[in-house]
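Values quoted throughout were computed directly from the atomic coordinates according to the rules given, and no laboratory measurement underlies them. Just so it is clear, the structure is predicted and the values come from calculations on it, not from any experiment. Cβ: placed from backbone, ideal geometry, glycine included. Neighbour counts: every protein chain shown.
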Amino acid sequence: MSILVDKNTRLLVQGITGSEGLFHTTQMVNYGTNVVAGVTPGKGGEWVLDKVPVFDSVKLAVEATGANASIIFVPARFAPDAMFEAADAGIPLVICITEGVAVQDMMRVRNYLDQKNVRLIGPNCPGLLTPGEAKVGIIPGNIAIPGNVGVVSRSGTLTYEVLYALKQVGMGSSTCVGIGGDPVNGTNFIDVLDMFEHDPKTEKVVMIGEIGGTDEEKAAEFISSKMTKPVVSFIAGQTAPPGKRMGHAGAIIEGGAGTAADKVRALESAGVRVAKHPEEIPSLLK
Amino acid sequence: MKLHEYQSKQIFSKFGIPIPKGRVAATASEARQIAEELGGRVVIKSQVLVGGRGKAGGVKLAKDPQEAEQLATQILGMEIKGLPVRKVLVDEAAAIDQEIYFAITNDRAAKKPVIMASAAGGVDIEEVAATHPEKIIKVHIDPLLGLRDYQARDIAASMDLPREYWKDFGTIANGLWKAYSSTDATLAEINPLVITKDKRLVALDGKMMIDDNALFRHSDLSEMRDIDEEAPAETEARKYGLSFIKLDGNIGCMVNGAGLAMTSMDIVKLFGGEPANFLDIGGGAGSEKVAAAMRIILSDPNVKAVLFNIFGGITRCDEVAKGILAAMAEVKPKVPMVVRLVGTNAEEGRQLLADAKMITAETLADAAKKAVAAAKGA
């Protein structure tokens, strides 16, 4: 067991013939992910890697292949349309890797996808990795091994650090979920913590947060009231100055809210052990 | 991207929101000329992209053109929170009866735009928010539907705005929604929206922030960016698609990924150092971008050591190493450099750097400790 994706996932890649899409499709196929179709408007009928059929639209791809998850690699200005298209074609799980989607677009996308009961991961995220079963995103497959630690994070490479640090001491993960660094995204910490709490394969959870917003504080409330499994956390941005966007669109301290200190305090009072740096996480999990 | 008051009010005016008559001036004599054209009393307002201009003495009332010139001379020589005043807005003065706060912004928790309005407007809205949050009315807007007329009426009624103003308030609310939505703003704020003694609603001040990620569809707004208002290194970094923020410490940091870049800063601090910057070279950076990043870091004279922390995923460590070597050949840095390469093509990267006399590290903690020690020794 795992959450969100596994070996039964039938994955569709939107933007499969672009340079990013093609590169990561190759990586995902090599990992063993079941990539059943790709979409690039105007390139329907072509094949990628001699085995993945390309379609002109998501609707046609779903009809022909029964795809049940879609990953989006199209440029930011076209990504909102790609998310609407996936939702309208009846895909229940959409993962948007693209960084730089305009926030008003994301508010429209999120409200529309909620009405259609579509689960969105991202945007501006590294996607999902269920080690040994499916890699749906850009997390390097070789840095994680199967295990019982669920990982959820707002960051990309910082998550790789954590997976790598776990692997160094022989610890593996059930599923790693990158929820993305944008202020308006699809899936938040609580959604994923709830899934891990109910996943028999997951015994412990690592939650990696950062400055900006109040999702970590809300997660802390959820952990103290609803979770039985131990959670270890790390919060990035202790030294970030207020009012400056730290790379991620959502990583900003505004009007005194969203500081790392507030988040650490909230998590610690919920019984979460907060690491001082990411390489400390494995020892806190033991 | 922040817009100046005069730019924000121009946008408001385009969408039917009444603003005072006035123009922007770069010299005191221009300010005098505008005051002469307007006649009567004028307000001289510094145009800098920080809050608290009034409290800092950057907003003054002038009774005639001569005083306007004097005050403009004074204000144009000022620095407000470290930013030199290069322009002033000269507006006709209004006789004010009441001040209202009225804004639309993104509510990231609700995933919707939110209107915030208060009959207790004016300079101390943050104070109101802290002490009397109940005096601020919040109404969410469905991003798929837009602002509905009844919502504007409800807000007017909740603020106890007299009925005679409801129609004009509705026009302003609609105008602000259109200004916000058609410019991809993250904030469109009128503070204060005033009721004048001659019973008109006028937007006396305006503030807008535009989503940088949406500028691709607003070339007219991109041209409004005031690069005088940001650190030159930040402007240079944006040109190369680098995310860079200057800080006050002495350890330069070059990292791939925003979360890891923040973490690298934090860990430098944890081991007793101070980061000189935040710098994310992004995913899949080539050697040219890395070289530009290194030039930017080394242009800061405070930098006493540089920490490279690269976790190769899409980014290839050998590409990063090539960029480091190219930049070293060009800039000839005199400060020690600590490098940590992990992940995709890390071994190739390390070999490329083997002759470069750099300090190497295996773990993030080790890299930070070595950088802190190097900065202290330099």
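Principal-axis analysis of the Cα atoms of chain A puts helix A:157-168 at an angle of about 70° to the longest axis. Over chain A, dividing the summed -39,500 (n - 2.57) contributions of all DSSP H runs of at least 4 residues by the number of residues returns a 222 nm mean residue ellipticity of -9500 deg cm²/dmol.
Rounded if a/c is under 1.5, else prolate if a/b beats b/c, else oblate: with a ≥ b ≥ c from the C-alpha gyration tensor eigenvalues square-rooted, which is segment B:243-378? Because its axes are fairly even, with a/c under 1.5, segment B:243-378 counts as rounded. Which pairs, out of B:Lys112/B:Lys239; B:Lys334/B:Lys370; B:Lys55/B:Lys197, put more than 21 Å between their alpha-carbon atoms? Distance filter (> 21 Å) returns B:Lys112/B:Lys239; B:Lys55/B:Lys197.
Nearest-5 percent of antiparallel DSSP beta bridges in segment A:94-174?
Roughly 50 percent of the beta bridges in segment A:94-174 run antiparallel, per DSSP.
Taking other Cβ atoms within 10 Å as a rough exposure proxy, B:Phe216, A:Phe189, A:Phe222 sort from fewest to most as B:Phe216, A:Phe222, A:Phe189.
Please determine, in degrees from 0 to 90 and to the nearest 10, the orientation of helix B:28-38 with respect to the longest principal axis defined by the Cα atoms of chain B, where the helix direction is its Cα long axis. For helix B:28-38, the angle is close to 30 degrees.
Take every residue in peptide A:232-245, count the Cβ atoms of other chains within 10 Å of its Cβ, and give the average of those counts.
Per residue, the number of nearby Cβ atoms from other chains is 5 on average.
Only one residue of A:Thr25, A:Ser70, A:Ala86 has its Cα farthest out toward the positive end of the dipole of chain A, where Lys and Arg carry +1 and Asp and Glu -1 on Cβ, and that residue is A:Thr25.
Sorting B:Arg200, A:Arg110 by the number of Cβ atoms found within 10 Å of their own Cβ, with the fewest placed first, yields B:Arg200, A:Arg110. Mean sequence separation of contacting Cα pairs (under 8 Å, at least six apart), scaled by the length of chain A, corresponds to a relative contact order of 14 percent. Between B:Asp366 and B:Ser219, full extension at 0.36 nm per residue minus the direct alpha carbon distance yields a gain of 48.4 nm.
For B:Ala110 and B:Gln351, calculate 0.36 nm times their separation in residues minus their Cα-Cα distance, and state this gained length in nm to one decimal. Intermediate values should be presented prior to the final figure.
Values: separation 241, 0.36 × 241 = 86.76 nm, distance 4.99 nm.
Net length gain for the segment: 81.8 nm.
Taking other Cβ atoms within 10 Å as a rough exposure proxy, B:Ser118, A:Ser19 sort from fewest to most as A:Ser19, B:Ser118.
Take every Cα pair under 8 Å whose residues are at least 6 apart in sequence, average their separation, divide by the length of segment B:22-134, and the relative contact order is 27 percent. Could you identify which residue out of A:Leu129, A:Leu12, A:Leu113 has the top mean-square fluctuation in a GNM of chain A using Cα springs shorter than 10 Å? Comparing A:Leu129, A:Leu12, A:Leu113 in a Gaussian network model of chain A, the most mobile one is A:Leu113. Rounded, prolate or oblate for segment A:27-155? Axes are the square roots of the Cα gyration tensor eigenvalues, ordered a ≥ b ≥ c, and the cut-off for rounded is a/c under 1.5. Oblate, since a/c reaches 1.5 and b/c is not below a/b.
Please label the shape of segment A:155-224 as rounded, prolate or oblate, based on the square roots a ≥ b ≥ c of the eigenvalues of the alpha-carbon gyration tensor (a/c under 1.5 means rounded; beyond that, a/b larger than b/c means prolate, else oblate).
In terms of gyration-tensor shape, oblate.
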